[in-house]
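Structure record follows, encoded as structure tokens.
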Amino acid sequence: MNRTEYKNRHAKEHYDRINFKIPIGEKERIRAAASAIGMSVNEYLYALICDDLASGESKFGKKKQGFNEEQRRMLEKWQVPKKYYDMIEDMSYSKEEGYFIYLRMDS
């Protein structure tokens, strides 16, 4: 058995593989973020996932929990389509100024 065959066999026996697709250009951004902290892309992504698993609470899931009942009523009253809810950071309303929807910086 040559070195490549050994490495492939070892990987198959000791690791699971997860493939996913990302928009063009994002791979380089992820690579740069990983490199900036001295990690490979694989190490970086795995560390992010492990951080969520170790805490027992997903940071992303927490963001996705949505709005309280009052905020939901406001969004429905303002006729904001649900497809835009993930983009919203915060919202406010005053009789003097009307309503404001603040979008996430990462959207």
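Just so it is clear, none of the values below were taken in a lab; they were calculated from the coordinates. Given the structure is predicted, the values throughout are model-derived calculations rather than measurements.
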Between 0 and 90°, nearest 10: helix 3-14 axis offset from the chain longest Cα axis: 50
Assign one of three labels to the chain, namely rounded, prolate or oblate, based on the Cα gyration tensor with a ≥ b ≥ c the square roots of its eigenvalues; rounded applies when a/c is under 1.5, prolate when it is not and a/b is larger than b/c, and oblate otherwise. prolate
Relative contact order of the chain: what whole-number percent is it, with Cα pairs under 8 angstrom and at least 6 residues apart? 11
When the Karplus curve 6.51 cos²θ - 1.76 cosθ + 1.60 is applied with θ = phi - 60°, which whole-Hz ³J(HN,Hα) does each residue of the range 35-52 get, with x for Gly and Pro? 4, 4, 10, x, 10, 7, 4, 4, 4, 4, 4, 5, 5, 4, 5, 4, 4, 5
Run the count for the chain, please: Lys pairs, Cα-Cα under 16 angstrom, 8 or more apart or on different chains. 5
Mind listing the long-range amide H neighbours of residue 91? Cut-off is under 5 Å, sequence gap 5 or more, other chains count too, H placed in the peptide plane at 1.01 Å from N. 102
What number, rounded to the nearest 500 deg cm²/dmol, is the helix-based mean residue ellipticity at 222 nm of the chain, given -39500 (n - 2.57) per DSSP H run of at least four residues and division by all its residues? -14500 deg cm²/dmol
